Amino acid sequence: MVAPAAGAAAASRLLAVRRGVALALTTWSSASLGAAGLLAVLGRRRPRLRGAARQTAAWGAVDLAIAVAAHRGAEAPVEDPVEATRALRRLLLLNAGLDVGYVAAGLLLARRGRVRGRDVVGDGAAVVVQGAFLLALDTVAASRLRLP
């Protein structure tokens, strides 16, 4: 059984982390969508910039959808804040593992240069940037959810 003070502290920390993740994802997705528009304009005749624009827009849209869900769920009450904290920490650490895969896949694309005759250096670079941000976000958020 968890002491009431520990449960209250876990609930407070959980709420702060949920809010922080939702805000960070909203900000990042908005910046990504704005950057994608700029890259698209600059990349009219530059395939690498077009690839970066395409990936940045796609990731920005997905991050925005996740951010909306995170905002909706951030204030949701939880019965057992300690268990909810553990569950969110596990999810964030799982996501961090996936983020490492995104970075690796982006590096592979950028290094490969071409896939089926199409330049993918810009795509790969954008995936590295997105994956690196998500890795930082997930690991920092998970580290804030350590239980005593």
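For the range 82-148, the gyration tensor built on C-alpha atoms gives a prolate shape. Its axis ratio a/c (a ≥ b ≥ c) is at least 1.5, and a/b is the larger of a/b and b/c. Each Cα pair under 8 Å and six or more residues apart adds its sequence gap; the mean of these over the residue count of the range 82-148 is a relative contact order of 44 percent. When the charge dipole of the chain is built from unit charges on Cβ atoms (+1 for Lys and Arg, -1 for Asp and Glu) and taken about the Cα centre, the candidate among V103, L135, V121 whose Cα reaches farthest toward its positive end is V121.
Relative to the longest principal axis of the chain, what angle (0 to 90°, nearest 10) does the C-alpha long axis of helix 47-74 take? Rounded to the nearest ten degrees, it is 20. Computed from the C-beta positions of R45 and R118, the FRET efficiency with R₀ = 22 Å rounds to 0.90.
Across the range 10-141, the mean sequence separation of Cα contacts (distance under 8 Å, 6 or more residues apart), normalised by length, yields a relative contact order of 30 percent.
Here the sum of -39500 (n - 2.57) over DSSP H runs of 4 or more residues, divided by the residues of the chain, equals -30000 deg cm²/dmol at 222 nm, to the nearest 500. Summing Cβ point charges (Lys, Arg +1; Asp, Glu -1) relative to the Cα centre of the range 61-148 gives a dipole of roughly 460 debye. For the chain, a simple Cβ point-charge model (Lys and Arg +1, Asp and Glu -1, everything else neutral) yields a dipole of about 860 debye relative to the Cα centre.
Looking at the range 1-83, the trypsin sites (Lys or Arg not before Pro) that sit in a DSSP loop and have at most 12 other Cβ atoms within 10 Å of their own Cβ are R44, R45. Hydrodynamic radius of the chain by the Kirkwood approach over all distinct alpha-carbon pairs: 16.5 Å.
In the chain, the longest principal axis of the Cα atoms and the axis of helix 4-42 are about 10 degrees apart.
Computed from the coordinates by the stated procedures, all read-outs in this text should not be read as laboratory data. Since the structure is predicted, the reported quantities are computational estimates derived from the model, not experimental observations. In this analysis, Cβ positions are derived from the backbone assuming ideal geometry, glycine residues included, and neighbour counts consider all displayed protein chains.
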